[in-house]
Amino acid sequence: MRTSAFALLLVAIMAPAIFAQNPSVFDKALKDFDAKQYDQAIAGFRQHLKQFPNDASAYFNIGLANYNQRRYEAAVVEFQSAVGVKVDYAKAHYWLGSSHFYLDRYAQAAAAYRDAIRYQPNYVDAHIWLGVSLKELNQPTDAIRSIQTAIQFDATNGIAHYRLGLVYQSLKRYADAVASHKNATRLRPDMGSAFRELGNSHNSLKQFPDAIAAFNAALKLDPNDTSSILGLGNSYYNDAKYAASIPLYKRAVELNPSVSQYVLYLGDAYFNTNQDALAKASYDKALTLAPRDANVIYALGLYWVRMKNAVLAREQKIKLDVLDTKLATQLQTKMTTAGLR
């Protein structure tokens, strides 16, 4: 069964600055922030802090300015200063969590999101991202519980349903994932990633017509989304409609010519439609891109079995003895069945 790996696709949110007292220096810094002149804004907020050193919103805004420039370590320092001045500053705890998350510090992120929830129990985004962090920490049960809490507070939040679906996918609970992604696409019909993961979930359940419909919906939103193109190709391929998968795999290769997996899949589609020369060319290209990829070597071995070339088939088998003994055994079985020694 071919599936497309779902990507987390973590897009940083451009955070709005928070207002404070002291119109003049602070207001000028806000205008710089809104104009995305973040370093000028930071300088202004720091000048403001010289007069008002306990203004948590100034630290917070400096943190946001750094966050919006992907300077997450610097953002952490400022958000920590903000909550140091104002311990119940839920938004500062939330953005502290987001900064840790983008630094792959999921335990610290989860702790910060929990602090945000402690001071604002109905903080929907904090519940969602606590769940996402817990998923990264391999705590899927708690992740599900956290995201379900977000949905209890806001059942119309499409992102929450989508994130819940991703957790279900990671647990191979594909029927639950389908239900969640359907909710996400209903609430957010502009969300291509939800349609894509709906397609991947249907594909895993061998519900190929539904998978094809979902991938096509994703591609209407973004015709060049390689993951959806690949998923659509996989759905046709898994349904033994190999010829239909070929143009999709070709498109995936055109968009990402250096990804050996896409080239391999194209080769397999050619192989299963008896286009042996094209299959061999694809396998050779995939092998150039990934010389130690066991799946590519196995596919090339199958090609040589079909060509009745015992020497070259055995050469691939010897490589697999080192890289993947299971595939080596499978190739040996194919060789024996074909009468190759």
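Rule-based calculations on the coordinates, nothing more; no lab input. Just so we're clear, the structure is a prediction, and the values are computed from it rather than from any experiment. When we count neighbours, we look across all protein chains shown, and the Cβ atoms used for this are built from the backbone with ideal geometry, even at glycine.
In plain terms, the C-alpha convex hull of region 19-86 casts an average shadow of 3.8 nm² when viewed from every direction. The Cα center of region 273-341 and the Cα center of region 152-167 differ in position by 44 Å. Summarised in one figure, the compactness ratio Rg/Rh of region 134-292, Cα atoms and Kirkwood Rh, is 1.05. For region 19-86, averaging the sequence separation of C-alpha pairs within contact (under 8 Å, six or more residues apart) and dividing by the residue count gives a relative contact order of 27 percent. Here the gap between residue 141 and residue 337, fully extended at 0.36 nm per residue and compared with their Cα-Cα distance, gives a gain of 66.0 nm.
Compactness of the chain is given as radius of gyration and Dmax, 25.7, 87 Å, from Cα positions.
Remark: relative contact order (the chain) = 8 percent; criterion is Cα-Cα distance under 8 angstrom and separation of 6 or more residues.
Approximating the spin labels as points 7 Å out from Cα along Cα→Cβ, the residue 224-to-residue 243 distance works out to 3.1 nm.
Distance between the 7 Å Cα→Cβ label points at residue 272 and residue 329: 2.4 nm. Here the spin labels are modelled as points 7 Å beyond Cα on the Cα-Cβ line, and at residue 309 and residue 36 they lie 5.4 nm apart.
For the chain, modelled as a GNM whose springs connect Cα atoms under 10 angstrom apart, the maximal fluctuation among 115, 125, 34 occurs at 34. Each residue of region 217-303 gets 80 Å³ once the volume of the Cα convex hull is shared out per residue. Computed about the Cα centre, the dipole magnitude for the chain is approximately 940 debye when only Lys and Arg (+1) and Asp and Glu (-1) carry charge, each at its Cβ.
Remark: relative contact order (region 239-341) = 19 percent; criterion is Cα-Cα distance under 8 angstrom and separation of 6 or more residues.
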